[in-house]
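Okay, so here's the structure we're looking at.
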Amino acid sequence: MTMNDFPPALVLLLGAFLLPLAGKNIRPLLILGLPLVTLGLVWNLPDGSFANLSMFNYQLNFIHSDSLSRLFATVFAIMTFAGGLFALKQKSVMEQVAVFAYAGSAIGAVFAGDLISLFIFWEIMAVASTMIVLSVGSKICNQVSMRYFQVHMLGGSLLLVGILMHIHATGSTAFSVMEPNSLGTILILMGFLINVAAPPLSAWLSDAYSEASFSGTVFLSAFTTKTAVYVLLRGFPGTEILIFIGVFMIFYGIIYALLENDMRRILAYSIVNQVGFMVTGIGIGTEMAMNGVAAHAFAHIIYKALLLMSAGSVLYMTGKRKCTDLGGLFQSMPITTICGIIGALAISSFPFTSGFISKSMISQSAADAELVVVWFFLLAASAGVFLHAGIKFPWFVFFQKDSGLRPPDPPWNMKLAMIFFSALCIGIGVWPEILYSKLPYPVTYVPYTVTHVVNMLQLLMFSGFAFFLLLPLMKRTLTITLDFDWLYRRVFPTALQNTFTVIWKIDTAIRQAFFVKFNQALTFISQSYQGPSKLLSRTYPAGSMVMWVAVILATYLLLSFIH
Amino acid sequence: MSTTEEKHWLVRPKTIRGLWYGGIAMLTMLVLADFFIHPHPYFGIDGSFGFYSWYGLITCVAMVIFAKALGIFLKRKDTYYDDE
C-alpha cells in the first residue's frame with residue numbers, strides 16, 4: 001500500500017467524527033485544515049486506479065484518478081474550505097458534522113471506479129444531506145427533510161436495483177460508459193437523474209434548499225447535483241434524451257424562478273436551470289461539450305455558492321427571506337451586495353467572469369453539432385439567466401424599494417468567504433487557461449473574441465432592458481408556485497384520506513347493521529324463552545346444584561380408582 | 001430611515017433618470033457596434049444586424065409573459081402548505 005492508496009474522501013469522512021470531540025478552539029482548525037489536506041492529496045494523485053479491494057468476489061476500486069475526477073474533487077475540496085469559512089459561526093455541530101460527511105462522500109463518489117463503491121458514497125451523501133436540513137430542528141425542517149429523504153431513497157433504490165442488474169448482466173462492477181439499452185442501465189440513469197433534479201422529480205431541490213440554515217444551503221447547492229452531473233458525464237455521455245431533459249430543466253428553472261418570492265428559492269430554481277445547461281452538454285457528448293460541462297460545473301459551484309452566501313448573509317443578518325420584505329440593503333451591506341452582484345454576473349456568463357468562459361463552450365458545442373433548435377434555446381436561456389438570477393436576485397434583495405432595514409455586513413469570516421469566491425469568479429473569467437488546462441480534453445476554444453464579447457453584452461444588456469421595461473409585471477407577491485410535488489404533498493394524501501373516509505363510513509354502516517340484527521336476535525331469543533315454564537328461565541334450588549357437584553366428584557373418584 | 005435624512009445618492013430620482021439615459025445610450029452603442037464587428041453566424045439569421053439585441057429582448061419578454069400566464073394557474077398563497 002502506498003500513499004496513493006489512501007482515499008482522499010476519508011480525510012473528511014473521518015474528520016466528521018473528530019469534529020464533535022474537538023473543543024471550540026480546535027474545531028475551526030479542523031474545518032479549515034482538513035479540506036486543504038484533502039486538496040493536497042487530490043493534487044498529488046497521478047492517473048490510475050488505486051485502493052483496489054476485493055469483497056465477496058467483487059472488485060471495488062475506491063480511487064479512479066484522472067483529470068475529470070481530480071477536477072471535481074478539487075472544486076469540492078475548495079468548496080468545503082470556503083463554505084467552512086463561511087459557516088465558522090454556525091452553532092449547530094450536527095450541521096458541521098453532516099457537512100463533512102456530505103463533502104467527503106461526494107469526493108468519494110467522484111473517485112469511485114466501480115458501481116458498488118459509488119453506491120455506498122451515493123447513499124452516505126443522501127443521509128448526510130438530509131442531516132443538514134434536519135439539523136435546523138424546526139417542525140418545517142423535519143417535514144422537509146423527510147420529503148427530501150424519501151425522494152433520494154427512491155433514487156437510491158432505483159440505482160441499487162439498476163446496479164445489481166447491470167453487474168448480473170455484464171459480470172463486471174466497473175463504472176464505465178453505459179448506454180441506456182437494458183433495464184439495468186435505464187434504472188441507473190433514472191437514479192442519476194433524480195439527483196440531477198430532472199423532471200418530474202425536481203421539486204425536492206427548491207423545497208429543501210430554501211429551508212436549510214443560512215450556511216447549510218451553501219453546501220447543499222454544491223454537491224448533490226454536481227456529483228450527479230459528474231456520474232452522467234462518466235456514464236452516459238452523448239445520450240440523446242439528456243438534451244431534451246436538459247433544455248426542459250433550463251426553462252423550468254427560469255420560469256419558476258421568475259414567479260418566486262423567496263430569495264433562496266429563486267437561487268434554487270436557478271440551480272436546476274444551470275444544471276440543465278450541463279445535462280444538455282452531456283447529451284451533446286462531443287469533446288467540446290464534455291469540456292464545457294466540466295468547466296461549467298466547476299465555475300457553477302463557485303458562483304452559486306457565492307450567491308447563496310450573499311443570500312445567507314442577508315438571512316443571517318435580517319432573518320428575512322422574502323423579496324417582499326427585503327430591498328434597499330445595498331446601503332448598509334455594501335460588501336454583501338458587491339459579492340452578490342459578482343456572483344450574479346458570473347451566473348449570467350458576463351464577459352470576464354467564470355460563467356462566460358465555461359457556458360459558451362456548451363453553446364459552441366451545440367453549434368458545432370448543428371443542433372439549430374438547441375442552440376437557439378440555449379441562447380434564449382442565456383438571456384433568461386440574466387433575467388431571473390442575474391438581475392432579479394440582486395435587484396429585489398439589495399435595491400428595489402427601501403425596506404427600511406439597515407443591517408450591517410455579516411461577520412468577518414462570512415465576508416472573507418464571499419470575497420474569496422468573488423475573486424475566483426473573476427480570476428477564472430480573466431485567466432481561463434488555468435481551468436482549461438485541467439479539463440479532460442485538450443482545449444482549442446478561444447472565448448475572448450471581440451465578436452463573442454460584443455454579442456454576449458448585447459444579449460445580456462437587452463435582457464436587462466426587458467427586465468426594467470417589464471418591472472410592473474415582475475412585482476413580487478406573497479405566493480408560491482405549484483410544482484410536481486403538489487401531487488405527493490396534496491393530491492395523493494387528499495385522495496388517500498378521502499378513500500379512507502369512505503372505507504370508514506362503509507365499515508361503520510356494516511357494523512351498525514350487524515348490531516341491529518344481533519340485538520333483534522337477542523330480543524327474539526329472550527322473548528321466546530321468557531316465562532316460568534321455559535328451559536332458560538326456570539329456577540333451580542341451590543341444593544340440587546350442590547348435589548350434582550357431589551355426583552360429579554364421586555364419579556371422578558370412582559374413575560380414578562378404575563384407572 | 002427618517003424623512004429628514006437625505007436619500008442615498010443612488011436612489012435619488014435624478015440619479016435614476018441619469019441611469020435610464022445612460023442605459024439607453026449604452027444599448028444604442030451596443031447595437032451600433034454590430035457595424036464594426038465581423039459576425040461568425042452558425043445558422044444564417046444569427047449573423048443579421050442586431051440579432052443578439054432583438055433576440056435577447058424578445059425572448060426575455062416572451063419568458064416573462066409565459067411565466068405570468070403560467071402563474072395564473074399555478075400560483076397559490078404562500079401559506080398553501082402550512083396545514084401539513
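Brief remarks on what is shown
- Pairing residues of region A:102-129 that are without any contact (Cβ under 8 Å) to a residue 24 or more places away in the chain with residues that are surrounded by fewer than 23 Cβ atoms within 10 Å (Cβ to Cβ) and of a type in the set (S, T, N, Q), at Cβ distances under 9 Å and at least 6 apart in sequence or on separate chains, gives no pairs at all.
- When residues in region A:324-355 are screened for being assigned to a helix (DSSP H, G or I), buried (at least 24 other Cβ atoms within 10 Å of the Cβ) and within 14 Å of chain B (Cβ to nearest Cβ), 1 of them pass.
- Residues being surrounded by 16 or more Cβ atoms within 10 Å (Cβ to Cβ) and either touching a Lys or Arg at 6+ places or on another chain (Cβ under 6 Å) or in a loop (DSSP other than H, G, I, E, B) (or both) - total across region A:23-54: 2
- Condition check for residue B:34: surrounded by 12 or more Cβ atoms within 10 Å (Cβ to Cβ), charged (D, E, K, R) and at the interface with another protein chain (Cβ under 7 Å from one of its Cβ atoms): no
- Residue in region A:270-279 that is surrounded by 24 or more Cβ atoms within 10 Å (Cβ to Cβ) and within 16 Å of residue A:71 (Cβ to Cβ) present: yes
- Single match in B:79, B:59 (criterion: surrounded by 12 or more Cβ atoms within 10 Å (Cβ to Cβ) and of a type in the set (S, T, N, Q)): B:59
- Residue match in region B:38-49 (condition: at the interface with another protein chain (Cβ under 8 Å from one of its Cβ atoms) and modelled with pLDDT of 85 or more): no
- None of A:75, A:99, A:127, A:144 is aliphatic (A, V, I, L, M) and either in contact with a strand residue (DSSP E or B) (Cβ under 9 Å, 6 or more places away or on another chain) or surrounded by fewer than 20 Cβ atoms within 10 Å (Cβ to Cβ) (or both) except A:127.
- Meets criteria (crowded, with 20+ Cβ neighbours inside 10 Å, of a type in the set (D, E, K, R) and more than 21 Å from residue A:85 (Cα to Cα)) for residue A:359: yes
- 1 or more residues among the basic types (Lys, Arg) and either within 11 Å of another protein chain (Cβ to nearest Cβ) or over 21 Å from residue A:328 (Cα atoms) (or both): qualifying helices (runs of 4 or more DSSP H) within region A:385-486: A:392-398
- Filter pass, residue A:62 being in a strand (DSSP E or B), crowded, with 19+ Cβ neighbours inside 10 Å and of a type in the set (Phe, Trp, Tyr): yes
- Verdict on residue A:7 being in contact with a strand residue (DSSP E or B) (Cβ under 7 Å, 6 or more places away or on another chain) and either farther than 24 Å from residue A:83 by Cβ or of a type outside the set (A, V, I, L, M, F, W, C) (or both): yes
- Contacts under 7 angstrom Cβ, first residue in region B:64-84 being within 7 Å of chain A (Cβ to nearest Cβ), partner of a type in the set (Ser, Thr, Tyr), 6 or more apart: B:71/A:481; B:74/A:481; B:75/A:479; B:75/A:481; B:76/A:479; B:77/A:479; B:78/A:479
The values are calculated or read from the model by the stated rules, or taken from the named source; none is laboratory data. On a predicted model such as this, the values are computed, not experimentally measured, just so you know. Cβ coordinates were reconstructed from backbone atoms using ideal geometry, including for glycine residues, and neighbour counts include every protein chain displayed.
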